[in-house]
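Let me begin by presenting the structure, written as structure tokens, before commenting on it.
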Amino acid sequence: MLLQLKDIHTSFTNSRNETFDLLRGVSLDIEEGSITALMGGNGSGKTTLFNIISGFHKNYSGSVIFDGHNLKRLPPHAIASLGIGRLFQGGQLIPGLTLLENLQLGAPDTNDNRPLSSLLKPHQTREADLQKKNKAIESLIQLFGEGNKYLDKLYDDGSSFSYGAQRLLSLARLMIGDHKLLLLDEPTSGVNQQFFDTIKSIITQIASTGKTIFFIEHNTKFIRDIADSCAILSDGIITEHCPTDNIAWDVAKPLSYNTLIKQLFHEQS
Ligand SMILES: Nc1ncnc2c1ncn2[C@@H]1O[C@H](COP(=O)(O)OP(=O)(O)O)[C@@H](O)[C@H]1O
Ligand SMILES: [Mg+2]
């Protein structure tokens, strides 16, 4: 198992000083090389669960075991360097940096990270930068084909791209990284059909390189098309986790979300 969540509990205190238990014993296994979708109503705690895995939310009980490491006391950067990459909800390119610089942020640092190392070793730094640039360009070609439009826009500011394009390019950035597991928080939210299909193909391509993908998603068609399995977070626990092939997707109609989930898992079409 690449990732094991064991009996995770966390609670929040609201402005009226009332405590509520958001996660009440989440347990889930994510197999290496799999694509797993996580569904659940608004406010059910999906993003919080991702924050726990990636080290941004520390106040929880239970354990997160990744690739043999217990992540409990590790800060986000240490967790990232173990091989967990993240696409944040609404995640986009960083404005003020060019497309190339944005992509290069995803490339692993082959140089050592000591503060003055780039001054002390300018040659190695130039070499590492060149490698990162090549990696960025290679990934654009791999994802979007030879002569694609992004290659002519390497020096355009990140903010000059449309919202949908920024989401695609943020995924491309994750592809460059040396990650074993990618956590994608609603990769398709707010993008139009054209980008929707491209995002699907990018995620499939990233998965085909052996990376494990765990993603939060509402769109059942998207999940059915790309995921191996689907888990439901409801009332603070994982109520279902099964192969997407076993789910009666045909009943999916625009019902209330909870009704939809019940029907998907419990009614045969
Ligand atoms: N830092 C926080 N402080 C207080 N409450 C929070 C915090 N983060 C999340 N919550 C609460 O937890 C609930 C679930 O949030 P979230 O994990 O973002 O849900 P989801 O991603 O499933 O929509 C929210 O409704 C919010 O009330
Ligand atoms: Mg969320």
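The values are calculated or read from the model by the stated rules, or taken from the named source; none is laboratory data. Here the structure is a predicted model, which means the values were calculated and not measured. In this analysis, Cβ positions are derived from the backbone assuming ideal geometry, glycine residues included, and neighbour counts consider all displayed protein chains.
A few remarks follow.
- When the criteria are applied in full, residue 90 meets the requirement of being within 16 Å of ligand 1 (Cβ to nearest atom) and modelled with pLDDT under 90.
- Within the range 200-219, restricting attention to residues that are surrounded by 20 or more Cβ atoms within 10 Å (Cβ to Cβ) and β-branched (Val, Ile, Thr), the residue that is nearest to ligand 1 (Cβ to nearest atom) is 216.
- Some residue of the range 21-38 being touching an Asp or Glu at 6+ places or on another chain (Cβ under 8 Å) and within 11 Å of ligand 1 (Cβ to nearest atom): yes
Here's the yes/no breakdown for (1) more than 19 Å from residue 205 (Cβ to Cβ); (2) of a type in the set (Gly, Ala, Ser); (3) surrounded by 14 or more Cβ atoms within 10 Å (Cβ to Cβ):
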{"position": "157", "(1), (2), (3)": "yes, no, yes"}
{"position": "165", "(1), (2), (3)": "no, yes, yes"}
{"position": "172", "(1), (2), (3)": "no, yes, yes"}
{"position": "177", "(1), (2), (3)": "no, yes, yes"}
{"position": "188", "(1), (2), (3)": "no, no, yes"}
{"position": "191", "(1), (2), (3)": "no, no, yes"}
{"position": "195", "(1), (2), (3)": "no, no, yes"}
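- Any hit, the range 68-76, residues being in contact with a His (Cβ under 9 Å, 6 or more places away or on another chain) and surrounded by 15 or more Cβ atoms within 10 Å (Cβ to Cβ): no
- Residues of the range 124-174 classified as of a type in the set (Lys, Arg), within 17 Å of residue 106 (Cα to Cα) and in contact with a Phe, Trp or Tyr (Cβ under 9 Å, 6 or more places away or on another chain), total: 1
- Residue within the range 68-86 that is within 16 Å of ligand 2 (Cβ to nearest atom) and either touching a residue at least 40 places away in the same chain (Cβ under 8 Å) or not aromatic (Phe, Trp, Tyr) (or both) present: yes
- When residues of the range 39-63 are limited to those that are in contact with an Asp or Glu (Cβ under 8 Å, 6 or more places away or on another chain) and without any contact (Cβ under 8 Å) to a residue 60 or more places away in the chain, the one farthest from ligand 1 (Cβ to nearest atom): 63
- From the list 181, 169, 151, the lone residue that is within 16 Å of residue 92 (Cα to Cα) and not hydroxyl-bearing (Ser, Thr, Tyr) is 169.
- The residue that is modelled with the lowest pLDDT, counting only those in the range 211-221 that are away from ligand 2 (no atom under 16 Å from the Cβ) and either outside any helix (DSSP H, G or I) or aromatic (Phe, Trp, Tyr) (or both), is 211.
- Test: residue in the range 6-14 that is within 16 Å of ligand 1 (Cβ to nearest atom), without any contact (Cβ under 8 Å) to a residue 60 or more places away in the chain, in a strand (DSSP E or B) and crowded, with 17+ Cβ neighbours inside 10 Å: yes
- The range 26-38, residues that are away from ligand 2 (no atom under 15 Å from the Cβ), within 13 Å of the chain's Cα centre (by Cα) and among the aliphatic types (A, V, I, L, M): 35
- Inspection of the range 161-184 identifies no residue that is aromatic (Phe, Trp, Tyr) and either modelled with pLDDT under 90 or more than 30 Å from residue 83 (Cβ to Cβ) (or both).
- All of 91, 83, 55 fail the test of being under 16 Å from the mean Cα position of the chain (by Cα) and within 12 Å of residue 185 (Cα to Cα), apart from 91.
- Residues located in the range 39-58, provided they are of a type in the set (A, V, I, L, M, F, W, C) and either surrounded by fewer than 17 Cβ atoms within 10 Å (Cβ to Cβ) or within 10 Å of ligand 2 (Cβ to nearest atom) (or both): 49, 50, 56
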